[in-house]
Each structure stands twice: as C-alpha cells, then as structure tokens.
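S.K.: Could you have a look at this structure, given as structure tokens, before my questions?
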Amino acid sequence: MTDAAPRPAAQPQPAPRLVIAVDGPAASGKGTVAKALARHYGLPYLDTGKLYRATGLALRLAGRDPGDAAAAAHAAEHLEPALLDAPDLMSAANSEAASIVSAHPAVRAALLARQQAFAAQAGGAVLDGRDIGTVIAPDAPAKLFVTATPAVRAARRHRELAASGDGRDFEMVLADINARDARDSGRSAAPLRQAADAALLDTSELDIVAAVARAIALVEQALSGIRQHQG
Ligand code: C5P
C-alpha cells in the first residue's frame, strides 16, 4: 500500500463578476430590460438617469437655470438622496432639465465616481443610461444598446403620461423625444452612442416579454463569446 498524498479539498467557486451595461434613448425600453436582467442574474440595478434627473430637479426647485453649468455642477456634487424619489422626478418638465444638465462636462464628472463604484461591486451590477458601455463601464462583459423608432418611443411615453394624468398630445411628446435625442446624441461630453462591442436590441416590434427574452439571449451570447475566447 502506498501513501497517497491527500487531495486538496475542492474549493467552492465564487460566481463570476458580471457587469451588464444597458444604454439607449428615452422610452426605448432600456429601463424595463435592465431591471429584468438584474432580477434574472440576481444583480443590483442602478438607473443612472435618476442622478441627472435629481440634478435637474435640484436646480428647478432652487429656481436656477439648468443651463447654468456652475450651478448644475454644484447641485450634482451635493445631490440630496431624497430627490431620487421625488414625485416630479419623471415628469416631462424634469426630463428636459435632466437632458440639459447632463450636457455639462462638470456634471458628468461629479456623477462619475458614484456610478463607477456601483459597477465595481463584488458580484457585479446592471446599470442603464446613455454612456454606461462607453464611459462608466467600458470593460463590461455584456453590453446592450436598446432602441426603437422615435414614433414607437413617443407612443409609449404618450401612454405613460396619459396614465399619470398628463394630457399633452402625441405630437408634443414626439417633439420632446426628438429634442432630447438630438441633445443627448449631439453633446460633446459622453454623447449617446452604441459602444462598438454592444449588441443592438430594437424593441420597436417587441412586447416586454419578447424584449426581455431577447436581452437575456444577447447577454448569454456575449458571455459565451468571452468563455470561448478565454478557453
Ligand atoms: O434615462 P432617462 O431618460 O431617465 O435620463 C434622463 C436624462 O438624463 C437623459 O435624457 C439624458 O440626457 C441624461 N442621462 C445621461 N447619461 C446617463 C443617463 C441619463 O446623460 N447615463
């Protein structure tokens, strides 16, 4: 009989860190998709649009102009957590303010560290916004760019606004969406654009169930591509 060397006990493998970056224009369905991905993979979720919305709201409440870069940067640096849950956060007037403040480079710089810290959590995270795949988490292993035609997005937003008692008409909502798209894509600081390695998910003709199923399939595809590359 020989003395066999004791085998090392199998170590439990920690779940791999997974960061999912979800970007796209207003009312594309990116929030719904990102939340569903967070649930599916058991990850914490951050809606980064709320940070810009809270900054815009802080200025509006203080009677300041969202176009004032110094005031906007100060508001972003001293964000009151309660504003992230304010009833007016998601209103049309505040969407516009958020889109204006988000074009100031100093506002983006003030909000960068907290978004990157969220993405750096031990197990990973899901973040949605406009520049997650390009600026906040450029090394994320899974990136989605969620979009839909402006008319479809405006129809969705119109329905949401109507349900919340806001009676503005479809043409007005479409004009708001187009103006926000132009500002978000045309700014020089972290413009809205699809990262070169992001998968495109067009939700124009998909309902929520189909969009989420497709999103999970795209994430799985990205992860299996990485495993093959490593393996
Ligand atoms: O995503 P949501 O529509 O709530 O974002 C509100 C506004 O905040 C956007 O129109 C955009 O101007 C800005 N934003 C941004 N970068 C992000 C998230 C939102 O510039 N990562």
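The values are calculated or read from the model by the stated rules, or taken from the named source; none is laboratory data. Fair warning: this is a prediction, and the values are worked out from it, not measured in the lab. Every residue, glycine as well, gets a Cβ built from its backbone with ideal geometry; the counts of neighbours run over all protein chains shown. Protein only, heavy atoms only, side chains kept; ligands, DNA and RNA dropped before computing areas. Shrake-Rupley method; radii C 1.70, N 1.55, O 1.52, S 1.80 Å.
S.K.: Go through region 74-127 residue by residue and tally those that are closer than 22 Å to ASP176 by Cα, of a type outside the set (Asp, Glu) and open to solvent by 60 Å² or more (accessible area, probe 1.4 Å).
M.R.: Number of matching residues: 2.
S.K.: Every residue in region 178-231 that is surrounded by 17 or more Cβ atoms within 10 Å (Cβ to Cβ), closer than 20 Å to THR48 by Cα and over 17 Å from the mean Cα position of the chain (by Cα), please.
M.R.: ARG187
S.K.: Would you confirm whether or not region 206-216 contains a residue that is in contact with a helix residue (DSSP H, G or I) (Cβ under 9 Å, 6 or more places away or on another chain) and of a type in the set (Asp, Glu)?
M.R.: No, region 206-216 has no match at all.
S.K.: Oh, and also: Inspect region 137-145 for any residue being within 12 Å of the ligand (Cβ to nearest atom) and within 18 Å of PRO44 (Cβ to Cβ) and give the result as yes or no.
M.R.: Within region 137-145 (the criterion being within 12 Å of the ligand (Cβ to nearest atom) and within 18 Å of PRO44 (Cβ to Cβ)), the answer is yes, since at least one residue qualifies.
S.K.: Just to be sure, is ARG159 among the basic types (Lys, Arg), more than 19 Å from the chain's Cα centre (by Cα) and in a helix (DSSP H, G or I)?
M.R.: yes
S.K.: Additional query: Could you check, for region 59-71, whether at least one of its residues is assigned by TED's automatic domain parsing to the domain that holds VAL101, within 16 Å of the ligand (Cβ to nearest atom) and among the small types (Gly, Ala, Ser)?
M.R.: Yes, because at least one residue in region 59-71 is assigned by TED's automatic domain parsing to the domain that holds VAL101, within 16 Å of the ligand (Cβ to nearest atom) and among the small types (Gly, Ala, Ser).
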